[in-house]
Amino acid sequence: MPATTVWLLMSGEDYRGGRVLGAFATYELGMPDFQSEAERLPLATSRTTRGKDGSVHLHSDGDWISLTPHVITTQAEDQADADSDFFQADTTYRRGRWLFQCLSLAPDPFDGDTCAVGFIYRPGEPAAATAFDSGDWARGGWTVEDTVSRTEAAPSPDHP
């Protein structure tokens, strides 16, 4: 699903926050109101900046106005993004020829960071218990392995 963007027109005073004056579907629709607000600034504009995202900001003697894009996401999209930020329990992952069967998430006893606890193995070989942290996830390359069932995933040397 393509991302939906809304353009927010905001004004305020430096170090005192601001307020939303309007929301627009496009930059072009928001620009006339932005220009009207710019004319209301108390003094000549002292600084104008344009962001890489197309946003525009005007500052004048401590007052400011801006027209900035904001991506709108649904709660389901937010949850999907959160889920993709780390291993998930009851999920098997593949990186190269290795499989990691994540059984649970638990705090690291030394630093409290979240670790993924489970078994790492290559198909047909014995599994070893292990834990991965956020650094292991950040190195990338892990993909969800849909073809492995929980009962066949991690053979042990005693029970092949």
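State all residues of segment 52-69 that are among the hydrophobic types (A, V, I, L, M, F, W, C) and in a loop (DSSP other than H, G, I, E, B); if no residue qualifies, say none.
none
Condition test on Arg94, is it modelled with pLDDT of 90 or more, touching a Phe, Trp or Tyr at 6+ places or on another chain (Cβ under 8 Å), among the charged types (D, E, K, R) and more than 18 Å from Gly140 (Cβ to Cβ)?
no
Among the residues of segment 8-21, what is the count of those that are open to solvent by less than 100 Å² (accessible area, probe 1.4 Å) and touching a Gly at 6+ places or on another chain (Cβ under 7 Å)?
Going through segment 8-21 one residue at a time, the tally reaches 7.
Each row is one residue, and each column tells you yes or no for (1) touching a strand residue (DSSP E or B) at 6+ places or on another chain (Cβ under 6 Å); (2) surrounded by 17 or more Cβ atoms within 10 Å (Cβ to Cβ); (3) at pLDDT 90 or above.
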| site | (1), (2), (3) |
| --- | --- |
| Asp33 | yes, no, yes |
| Leu41 | yes, yes, no |
| Leu58 | yes, yes, no |
| Ser84 | no, no, no |
| Phe87 | yes, yes, no |
| Asp90 | no, no, no |
| Phe119 | yes, yes, yes |
| Trp137 | no, yes, no |
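Cβ-Cβ distance below 7 Å, separation of 6 or more or different chains: which pairs start in segment 101-113 with a residue that is under 11 Å from Thr130 (Cα atoms) and end on one that is open to solvent by less than 40 Å² (accessible area, probe 1.4 Å) and assigned to a strand (DSSP E or B)?
As it stands, the answer is Gln101/Thr92; Gln101/Gly118; Cys102/Thr91; Cys102/Tyr93; Cys102/Ala116; Cys102/Gly118; Leu103/Gly118, since those pairs meet every condition given.
Do you know which of the residues in segment 5-51 that are farther than 12 Å from Asp63 by Cβ and part of a loop (DSSP other than H, G, I, E, B) is nearest to the chain's Cα centre (by Cα)?
The extreme case among them is Gly51.
Starting from segment 46-68, take each residue that is under 22 Å from Val6 (Cβ atoms) and list its partners that are part of a strand (DSSP E or B) and of a type in the set (Gly, Ala, Ser), counting only C-beta distances under 7 angstrom and pairs at least six apart or across chains.
Matching pairs, first to second residue: Ser55/Ser66; Val56/Ser66; His57/Ser66; Trp64/Ser11; Trp64/Gly12; Ile65/Ser11.
Please work out if Pro123 is open to solvent by 30 Å² or more (accessible area, probe 1.4 Å), part of a loop (DSSP other than H, G, I, E, B) and at pLDDT below 80.
So Pro123 does not fit the description; no.
The values are calculated or read from the model by the stated rules, or taken from the named source; none is laboratory data. Only a predicted model underlies this, so the values are computations on that prediction, with no experimental measurement involved. When we count neighbours, we look across all protein chains shown, and the Cβ atoms used for this are built from the backbone with ideal geometry, even at glycine. Ligands, DNA and RNA are excluded from the accessible area calculation, which covers all protein heavy atoms including side chains. Shrake-Rupley method; radii C 1.70, N 1.55, O 1.52, S 1.80 Å.
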